[in-house]
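Enquirer: Can you read through this structure? Questions will come right after.
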Amino acid sequence: MTPDREDIALHLPVLEKYASKASSVLEIGCECGDGSTRAFIRGLVASKAVDKIMVSVDMKDFINAEDRPTVPFWHFYKGNSMLDSTFEEVNKIADGRKFDIIFIDTEHNYDVLKRELEVWKSASKPTTAWLFHDTYMQEKYNHMTDAIKEFASVNTSWEYKDLSIKCNGLGALICR
C-alpha cells in the first residue's frame with residue numbers, strides 16, 4: 001500500500017469481512033486499487049457466492065498494470081460518479097444487478113456525496129450495506145456525513161452508524 005493510502009489501512013479488514021458475506025460490490029473511488037479494492041476482492045474470493053461481481057468506478061484510471069486485479073469478476077469503469085450516464089454504464093456491466101455493498105470514497109464534501117447518493121440509490125436494494133470512508137477527517141467530524149444522515153432520514157430502511165472515527169473514519173448505512 002502506498003504511504004498516501006495508509007489512511008484507510010485500519011478499515012481494510014472490515015471491508016474484507018463485509019465482502020466475505022456478499023456476492024456484489026460497487027466501489028466508487030478506488031484510486032490506485034491497492035487499498036479498498038484489494039480488501040473487497042479478498043472478501044469476495046472468500047465468499048461462498050457463486051455469481052460474484054465487483055465494479056470499481058473512478059474519474060481516472062490510476063491502477064498500474066502490474067497491480068490491476070486479475071479476478072474475472074472485477075471490472076473497472078472510468079467515469080464521473082455524479083453522472084447518471086456513469087450509473088447507466090455500470091448498470092450495463094452489472095447486467096442490472098443490484099449491489100450488496102456500495103462503498104463511496106470520492107470527494108469529501110456534502111454536495112458531491114448528496115449527488116452520489118441520489119445517482120447510486122438505484123444500484124442498491126433494501127439490504128445493501130453502504131460504506132463511506134472519510135466520515136471523520138483526522139478524528140474530526142466531516143460534514144459530508146450530514147448528506148448520509150439526511151439520505152437515511154428519507155430512506156428509512158437504512159440506519160447510519162459510525163463504524164470508526166480512526167483512520168479518517170468509516171461510516172455505514174446498514175439495513176434496519
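Enquirer: If I take every Cα pair under 8 Å that is 6 or more residues apart in the chain, average their sequence separation and divide by the length, what percent do I get for the relative contact order?
Expert: Result for the chain is 19 percent.
Enquirer: Moving to a separate point now. For the chain, modelled as a Gaussian network with Cα springs under 10 Å, which listed residue fluctuates most, 95, 134, 162?
Expert: Taking springs between Cα atoms under 10 Å, the residue moving most is 95.
Enquirer: Let me ask another. Run through the stretch 73-102 and list the trypsin sites (Lys or Arg not before Pro) located in a DSSP loop whose Cβ has at most 16 other Cβ atoms within 10 Å.
Expert: 97, 98
Enquirer: Sticking with this structure for a sec: Rounded to the nearest 0.05, what FRET efficiency do residue 10 and residue 112 give with R0 = 25 Å and r taken as the Cβ-Cβ distance? Could you check?
Expert: Efficiency at R0 = 25 Å is approximately 0.60.
Enquirer: Using a 7 Å offset from the Cα along the Cα-to-Cβ direction at both residue 80 and residue 97, what is the distance between the two label points in nm, to one decimal?
Expert: 2.9
Enquirer: Under a cut-off of 26 Å between alpha-carbon atoms, report the lysines in cross-link reach of residue 60, not counting same-chain residues fewer than 8 places apart.
Expert: Here the lysines satisfying the reach criterion relative to residue 60 are 52, 78, 92, 98, 114, 121.
Enquirer: Here is a follow-up. Can you tell me which lysines have their Cα less than 16 Å from the Cα of residue 161? Leave out same-chain residues fewer than eight positions away.
Expert: 140, 149
Enquirer: Okay, next question. Residue farthest toward the positive end of the dipole of the stretch 81-125, with Cβ of Lys/Arg at +1 and Asp/Glu at -1: which of 99, 120, 85?
Expert: Sorting the options by dipole projection puts first 99.
Enquirer: Let me ask another. Under 10 Å, Cα contacts only: if you run a Gaussian network model on the chain, which one of 87, 103, 62 comes out with the highest mean-square fluctuation?
Expert: Judging by the Gaussian network model, the answer is 62.
Enquirer: Read phi for every residue in the stretch 54-65 and hand back ³J(HN,Hα) as whole Hz from Karplus 6.51 cos²θ - 1.76 cosθ + 1.60, θ = phi - 60°, with x for Gly and Pro.
Expert: 9, 10, 10, 10, 8, 5, 10, 9, 8, 7, 5, 4
Enquirer: Taking 0.36 nm per intervening residue step and subtracting the Cα-Cα distance, what contour gain separates residue 70 from residue 46 on full extension?
Expert: 7.1 nm
Enquirer: Each residue of the stretch 66-78 in turn: what ³J(HN,Hα) in whole Hz from Karplus with 6.51, -1.76, 1.60 and θ = phi - 60°, glycine and Pro shown as x?
Expert: Computed from phi, the couplings for the stretch 66-78 are 6, 9, 5, x, 10, 5, x, 8, 8, 9, 10, 10, 8 Hz.
Enquirer: Only one of the listed values, (i) 10, 37, 41, 12, 0; (ii) 10, 35, 34, 18, 3, 0; (iii) 10, 42, 40, 8, 0, was derived from the coordinates as P(r) over Cα pairs in 10 Å bins from 0, in percent; which label is it?
Expert: (iii)
Enquirer: Still on this structure, I have one more. Any idea what the dipole of the chain comes to, in debye rounded to 20, about its Cα centre with Lys/Arg Cβ at +1 and Asp/Glu Cβ at -1?
Expert: Using Cβ point charges on Lys, Arg, Asp and Glu, the chain gives about 740 debye.
Just so you know, all these numbers are worked out from the coordinates, no wet-lab data involved. Predicted, not measured: the structure shown is a model, and the values here were computed from it. As a convention, Cβ positions derive from the backbone with ideal geometry for all residues, glycine included, and neighbour counts pool all protein chains shown.
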